[in-house]
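Visitor: First the structure, then my questions, so here it is.
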Amino acid sequence: MKHAVVYDLELVKRFKKGQPSEIVEIGACKVDLTTRQVIENFQIYIVPGSGYFSKSTRSFINMTKEDAAGAVSFKTGIRQFADWTGPDSYLCSWGKDDKLHIVNECVRKNIPLGWFRNYNDIQSQIGRLLSDQKGQMGLKNALALAGIEPVGKAHRGIDDARNTAELLIRFADRLKLEENELTERDLNPPPRDPDKRRSRTRRPADGTVPEAPNHAPEQATVAADRRGHGSADAAGSTPAGSPERAL
């Protein structure tokens, strides 16, 4: 593989327990693994099922009204992202949640996932290289330990992707990136035992370890993805521009 696509997702702000989640931003950087440089960037905003971005969602992901006006449907956004990644790239993210969110929402919306392959969670590998402390390491903490000055704003997909790409570049010669395919278990995970407590991890603003959940994925039955559906974006919202036609 010549390239690694480092991506980050931002999700709609939810207000109800059990409310499904939806992806509202995909930010990504394509890294040339030979030159160790970022050669392309990708960013797209996605209209929630309600057709509106709530004020709290816009504030959390630092979205402007212009960003919202240019947002596209999930089917359009995910197809553009899939085309941009190309057939021969590693897909990398800071933590497994960003894999689960894409898989869950695509399953729920009947979107093919043949393009989603060669996924690698680089959070666990880089975390072990930076610290002996157990638990998942926050992105901000990892950047500080690596001596990398973060760029942009936290919880903005393209900026988090850029910062994660810098970590991949720094440790590229010590990472083991795998080629793989989605499994039946990925597409149809077993139901969770309601009597067992769910431990979820997120990237907190202060980047401490261990961290509390930020992108904790909802259980995907045949359709569980994350980011609130219509009702989460009802009050105090601004139109996101007309969603595009379903493909």
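The values are calculated or read from the model by the stated rules, or taken from the named source; none is laboratory data. In this text, all values refer to a predicted model and were calculated from it rather than measured experimentally. Cβ: placed from backbone, ideal geometry, glycine included. Neighbour counts: every protein chain shown.
Visitor: Here is a check on your reading of the model: is Leu100 aliphatic (A, V, I, L, M), under 26 Å from Asn188 (Cβ atoms) and in a loop (DSSP other than H, G, I, E, B)?
Guide: So Leu100 does not fit the description; no.
Visitor: When both residues are 6+ apart or on different chains and their Cβ atoms are under 8 Å apart, which pairs have a first residue that lies in the range 87-109 and is of a type in the set (Val, Ile, Thr), and a second that is part of a strand (DSSP E or B)?
Guide: Hits for this filter: Ile102/Leu9; Ile102/Ile23.
Visitor: Still on this model: Take Lys13 and decide whether it is touching a residue at least 60 places away in the same chain (Cβ under 8 Å), assigned to a helix (DSSP H, G or I) and surrounded by 17 or more Cβ atoms within 10 Å (Cβ to Cβ).
Guide: In short, no.
Visitor: Scan the range 199-218 and give yes if some residue there is at pLDDT 50 or above and either within 30 Å of Asp32 (Cβ to Cβ) or aliphatic (A, V, I, L, M) (or both), otherwise no. Break it down stepwise before answering.
Guide: Restricting attention to the range 199-218, the residues satisfying the condition of being at pLDDT 50 or above are none.
Checking the range 199-218: not a single residue is at pLDDT 50 or above and either within 30 Å of Asp32 (Cβ to Cβ) or aliphatic (A, V, I, L, M) (or both).
Visitor: If we scan the range 59-80, do we find a residue that is closer than 25 Å to Val107 by Cβ, among the hydrophobic types (A, V, I, L, M, F, W, C) and part of a loop (DSSP other than H, G, I, E, B)?
Guide: Yes, some residue in the range 59-80 is closer than 25 Å to Val107 by Cβ, among the hydrophobic types (A, V, I, L, M, F, W, C) and part of a loop (DSSP other than H, G, I, E, B).
Visitor: From Arg36, Arg58, which residue is charged (D, E, K, R) and crowded, with 16+ Cβ neighbours inside 10 Å? Talk me through it step by step, then tell me what you get.
Guide: Working: Arg36 fails: crowded, with 16+ Cβ neighbours inside 10 Å.
Selected residue: Arg58, the only one of Arg36, Arg58 that is charged (D, E, K, R) and crowded, with 16+ Cβ neighbours inside 10 Å.
For every residue, the table says whether it meets (1) more than 20 Å from the chain's Cα centre (by Cα); (2) more than 17 Å from Gly95 (Cβ to Cβ); (3) touching a residue at least 12 places away in the same chain (Cβ under 8 Å); (4) crowded, with 19+ Cβ neighbours inside 10 Å.
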| site | (1), (2), (3), (4) |
| --- | --- |
| Asn120 | no, no, yes, yes |
| Gly135 | no, no, yes, no |
| Leu139 | no, no, yes, yes |
| Gly147 | yes, yes, no, no |
| Pro150 | no, no, yes, no |
| Gly157 | no, no, yes, yes |
| Ala161 | no, no, yes, yes |
| Ala165 | no, no, yes, yes |
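Visitor: Just to be sure, is Asp83 over 26 Å from Arg170 (Cα atoms) and either modelled with pLDDT of 95 or more or of a type in the set (Asp, Glu) (or both)?
Guide: Against the criterion (over 26 Å from Arg170 (Cα atoms) and either modelled with pLDDT of 95 or more or of a type in the set (Asp, Glu) (or both)), Asp83 qualifies.
Visitor: Pairs only if they're at least six apart or on different chains, beta carbon under 6 angstrom, first in the range 32-43 and without any contact (Cβ under 8 Å) to a residue 40 or more places away in the chain and within 17 Å of Gly86 (Cα to Cα), second hydrophobic (A, V, I, L, M, F, W, C) and part of a strand (DSSP E or B); list them, first residue then second.
Guide: Sorted first by the residue in the range 32-43, then by its partner, the pairs are Asp32/Ile39.
Visitor: Restricting to the range 19-31, name every residue that is modelled with pLDDT of 90 or more, part of a strand (DSSP E or B) and farther than 17 Å from Asp83 by Cβ.
Guide: Val24, Glu25, Val31
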